[in-house]
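Just below is one structure, and these are the notes that go with it.
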Amino acid sequence: MQPNESVKSDFNSTASSGSQFRVLVGVTGSVAALKLPLLVARLLELPGVDVQVVATDHATHFFSPEEIPVRIYSDKDEWQMWKRRSDPVLHIELRRWADLLVIAPLDANTLGKIASGICDNLLTCVVRAWDLTRPLVFCPAMNTAMWQHPITAKQVAVLKEFGYVEVPCIAKKLVCGDEGKGAMAEVSTIIDVVKEYLPRPSVSSQITDTKDSVLGTA
């Protein structure tokens, strides 16, 4: 199967499952990308959630694809997929597919790009084309000195002005040995934020579930 046919198949199959809540995980070149396998695993534990991943090239240094049980897209997929005018554009297909985008971790470089409107890779193109009626959650992660730089607060503020939701970084001993704020929020915290956007069961479905439970125990 050709690359563009494979990607088309992915979106055709997932688009047919209307009951699924589709979460797109963006991962960038921070050491916190080591937590991607855990984050994906925890997301997949949520009922009715489907997951795909977009990774920057630098992010791939911190995890093994074999540890991720979902489709991972990278820059090369964007260019391999598009051969002629009738072919779909991957960052647009991903934007259409996802109900929620969570960028975890969001490194200093990509934070600066998004705040400035730069879209020079697959992930930042997805962000630039993002439907602002859908939630975008970002989880900063960087060295303490980078976090404390005055421009960081300005860039975070710009993203929040766009309507994006920040999951604040935390203070701890970083992999580089420094201690202070800049570590990505715990995976459990990120999952709690994602849960806030999951569809709530309708009243009718809750009544049906209650009836089934009663009949099953009668």
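The values are calculated or read from the model by the stated rules, or taken from the named source; none is laboratory data. Quantities reported herein were computed from a predicted structural model and do not represent experimental measurements. Cβ placement follows ideal geometry from the backbone for every residue including glycine, while neighbour counts extend to all protein chains displayed. Calculation scope for accessible area: heavy atoms of the full protein, side chains included, ligands and nucleic acids excluded. Shrake-Rupley method; radii C 1.70, N 1.55, O 1.52, S 1.80 Å.
Assorted remarks:
- Matching option when the condition is of a type outside the set (Lys, Arg), in contact with a Lys or Arg (Cβ under 8 Å, 6 or more places away or on another chain) and buried (at least 19 other Cβ atoms within 10 Å of the Cβ), among Val187, Val167: Val187
- Cβ pairs under 6 Å, 6+ apart, first in segment 95-120 and more than 26 Å from Phe21 (Cα to Cα), second open to solvent by 20 Å² or more (accessible area, probe 1.4 Å) and β-branched (Val, Ile, Thr): Ala115/Val158
- Considering segment 127-145, the residues that are modelled with pLDDT of 95 or more and part of a helix (DSSP H, G or I) include one that is most open to solvent (accessible area, probe 1.4 Å), namely Arg128.
- Looking only at segment 157-180, residues that are more than 24 Å from Ala41 (Cβ to Cβ) and under 22 Å from the mean Cα position of the chain (by Cα) come to 8 in all.
- All positions within segment 160-170 that are in contact (Cβ under 8 Å) with a residue 12 or more places away in the chain and either more than 17 Å from Met184 (Cα to Cα) or in a loop (DSSP other than H, G, I, E, B) (or both): Phe162, Gly163, Tyr164, Val167, Pro168, Cys169
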